[in-house]
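**Q** So that we are looking at the same thing, I have put the structure below in structure tokens.
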Amino acid sequence: MTPTHPDLRAIRFLPGFSWGPRLTRLVRRVKPRPADLGPEVTATELHLPGTEGNPDVAVCLLRPTLADGPTPLLLWVHGGGLISGTPEQDDRANAAFVRSLGIAVAAVRYRLAPDAVAPAAVEDVYSAFVALTERAERLGVDPGRIAIGGASAGGGLAAAATLLAADRPGPVPVFQLLVYPMLDDRTVLRTDMDTSNVHVWMPGSNRYGWTSYLGTEPGSPDVSEYAAPARRTDLGGLPPAWIGVGANDLFHDEDVDYAERLRAAGVDCTLEVVPGAFHGFDAIFPKAGVSRAFWLAQARALKRALGAAERQE
């Protein structure tokens, strides 16, 4: 465990807390404050059909107002420990991708645990991906340049939906943008981890999130790789990936291991580890220099993967 990054030391003033049923209910009642997207970004709510046996799914589509021709698209999956969160919570960052790269971003509203257990959330994400690909032309999107990404639980769901797409007939995303992804339920079982500088998402919260989503005890032998992507033994043939995580993140080890196994399987994977950064640091301190650099690394990865034209943001 490394010392907390100098840009992030104010985290010591944030009281520690652990997620459970009561806090989850309280947080779900809080609606994110609407972001000012500016005239350069146009927002549209879409209701898309679910894949066979799954309900319809909603996405918030952000597009460049003056888009010229079909744009690349990032399907974005919000975080929240699999138990909370909304697409709107990431509007500012997603709008920044739209303005700086000239891409579209579709943020999916997926079912949350414990109301809906696995595989509900990942099926919603996969349904959104398939439906957006099928409707790409009418939406002004290039179907050959659709990436999938997400943060925390959303990063894990993005990785899982990519596995689904790779294993089923039909389209596959061209890139995975995985921001401190929640990949491995077995982290709950570890007793050897130094958590002295871990903040925000703690071991107790991790246990509650995974238990709520799996509907069973984390670490159970029958947990699907589509629920916990780190369970996948063969990562060959997957699309390229970017994985970013803080050195003091509870997910650090599982994320680094996933990146290394992707590389070993022949998948192009960029791994960015931020010294002294904890889980969700960029969301809590978005104006910090280290957070800005982390976002720019994601933007550059998307630019390379999607052939987007980077602009000054």
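The values are calculated or read from the model by the stated rules, or taken from the named source; none is laboratory data. Since the structure is predicted, the reported quantities are computational estimates derived from the model, not experimental observations. Neighbour counts run over all protein chains shown; Cβ positions are idealised from the backbone, glycine included. Heads up: the accessible areas ignore ligands, DNA and RNA and are worked out on the full protein's heavy atoms, side chains in. Shrake-Rupley method; radii C 1.70, N 1.55, O 1.52, S 1.80 Å.
**Q** Report, by residue number, each residue of segment 134-170 that is farther than 30 Å from Gly209 by Cα and not hydrophobic (A, V, I, L, M, F, W, C).
**A** Taking segment 134-170 as the starting set, the residues that turn out to be farther than 30 Å from Gly209 by Cα are 134-145, 169-170.
Correct list: Glu134, Arg135, Glu137, Arg138, Gly140, Asp142, Pro143, Gly144, Arg145, Pro169, Gly170.
**Q** Could you check segment 144-184 and list, in sequence order, the residues that are surrounded by 24 or more Cβ atoms within 10 Å (Cβ to Cβ) and either in contact with a Lys or Arg (Cβ under 8 Å, 6 or more places away or on another chain) or at pLDDT below 95 (or both)?
**A** Asp184 - this is the single residue of segment 144-184 that is surrounded by 24 or more Cβ atoms within 10 Å (Cβ to Cβ) and either in contact with a Lys or Arg (Cβ under 8 Å, 6 or more places away or on another chain) or at pLDDT below 95 (or both).
**Q** If you don't mind, another one. If I filter segment 109-119 down to residues being closer than 17 Å to Met182 by Cα and of a type in the set (A, V, I, L, M, F, W, C), which single residue comes out as surrounded by the fewest Cβ atoms within 10 Å (Cβ to Cβ)? Working first, answer last.
**A** Pass one, segment 109-119, residues closer than 17 Å to Met182 by Cα: 110-114, 117-119.
Keeping just the survivors that are of a type in the set (A, V, I, L, M, F, W, C) gives 112-113, 117-118.
Working: Leu112: 22, Ala113: 24, Val117: 17, Ala118: 23.
Across segment 109-119, the extreme among qualifying residues is Val117.
**Q** Only one residue in Val141, Val130, Val122 is within 30 Å of Trp201 (Cα to Cα) and either of a type outside the set (Ser, Thr, Tyr) or crowded, with 21+ Cβ neighbours inside 10 Å (or both). Which one? Break it down stepwise before answering.
**A** Values: Val141 fails: within 30 Å of Trp201 (Cα to Cα); Val130 fails: within 30 Å of Trp201 (Cα to Cα).
Being within 30 Å of Trp201 (Cα to Cα) and either of a type outside the set (Ser, Thr, Tyr) or crowded, with 21+ Cβ neighbours inside 10 Å (or both) holds for just one of Val141, Val130, Val122, which is Val122.
**Q** OK, next. List every residue pair whose Cβ atoms lie under 6 Å apart, where the two residues are 6 or more positions apart in sequence or sit on different chains, the first residue falls within segment 78-102 and is crowded, with 23+ Cβ neighbours inside 10 Å, and the second residue, located anywhere, is hydroxyl-bearing (Ser, Thr, Tyr).
**A** So the pair list comes out as Gly79/Ser152; Leu82/Tyr213; Ile83/Thr24; Ile83/Ser212.
**Q** Is it the case that some residue within segment 39-46 is farther than 16 Å from Gly140 by Cα, touching a helix residue (DSSP H, G or I) at 6+ places or on another chain (Cβ under 7 Å) and of a type in the set (A, V, I, L, M)?
**A** no
**Q** Could you look through segment 37-52, keep only residues that are part of a loop (DSSP other than H, G, I, E, B) and either hydrophobic (A, V, I, L, M, F, W, C) or without any contact (Cβ under 8 Å) to a residue 12 or more places away in the chain (or both), and pick out the one that is most open to solvent (accessible area, probe 1.4 Å)? Explain how you work it out, then say what you get.
**A** The initial filter retains those residues of segment 37-52 that are part of a loop (DSSP other than H, G, I, E, B), namely 37-40, 49-52.
This time we only want the ones that are either hydrophobic (A, V, I, L, M, F, W, C) or without any contact (Cβ under 8 Å) to a residue 12 or more places away in the chain (or both), so: 37, 52.
Values: Leu37: 28, Glu52: 181 Å².
Filtering first and then ranking leaves Glu52.
Every residue, every condition in (1) of a type outside the set (A, V, I, L, M, F, W, C); (2) under 16 Å from Gly150 (Cα atoms); (3) assigned to a helix (DSSP H, G or I), yes or no:
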| site | (1), (2), (3) |
| --- | --- |
| Leu235 | no, no, no |
| Ile243 | no, yes, no |
| Leu250 | no, no, no |
| Asp253 | yes, no, yes |
| Ala259 | no, yes, yes |
| Val267 | no, no, no |
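**Q** Quick one: in segment 205-233, of everything that is among the small types (Gly, Ala, Ser) and part of a loop (DSSP other than H, G, I, E, B), which residue is surrounded by the fewest Cβ atoms within 10 Å (Cβ to Cβ)?
**A** Filtering segment 205-233 down to residues among the small types (Gly, Ala, Ser) leaves 205, 209, 212, 215, 219-220, 224, 227-228, 230.
After this cut, where a residue has to be part of a loop (DSSP other than H, G, I, E, B) as well, the list is 215, 219-220, 224, 227-228.
On the way: Gly215: 13, Gly219: 17, Ser220: 11, Ser224: 15, Ala227: 22, Ala228: 25.
It comes out as Ser220.
**Q** Looking at segment 81-126, which of the residues that are among the hydroxyl-bearing types (Ser, Thr, Tyr) and in a loop (DSSP other than H, G, I, E, B) is modelled with the highest pLDDT?
**A** In the first step, residues of segment 81-126 are kept if they are among the hydroxyl-bearing types (Ser, Thr, Tyr); the result is 84, 86, 100, 110, 126.
From what is left, the residues that are in a loop (DSSP other than H, G, I, E, B) are 84, 86, 110.
Numbers: Ser84: 95, Thr86: 95, Tyr110: 98.
Restricting to residues being among the hydroxyl-bearing types (Ser, Thr, Tyr) and in a loop (DSSP other than H, G, I, E, B), the top hit is Tyr110.
**Q** Also: Of these, Val273, Val256, which one is at pLDDT 95 or above and either open to solvent by less than 40 Å² (accessible area, probe 1.4 Å) or closer than 20 Å to Ala166 by Cα (or both)?
**A** Numbers: Val273 fails: either open to solvent by less than 40 Å² (accessible area, probe 1.4 Å) or closer than 20 Å to Ala166 by Cα (or both).
Unique residue meeting the criteria: Val256.
**Q** Something else: Could you say which residue among Met202, Met193 is of a type in the set (A, V, I, L, M, F, W, C), under 19 Å from the mean Cα position of the chain (by Cα) and open to solvent by 30 Å² or more (accessible area, probe 1.4 Å)?
**A** Working: Met193 fails: under 19 Å from the mean Cα position of the chain (by Cα).
Selected residue: Met202, the only one of Met202, Met193 that is of a type in the set (A, V, I, L, M, F, W, C), under 19 Å from the mean Cα position of the chain (by Cα) and open to solvent by 30 Å² or more (accessible area, probe 1.4 Å).
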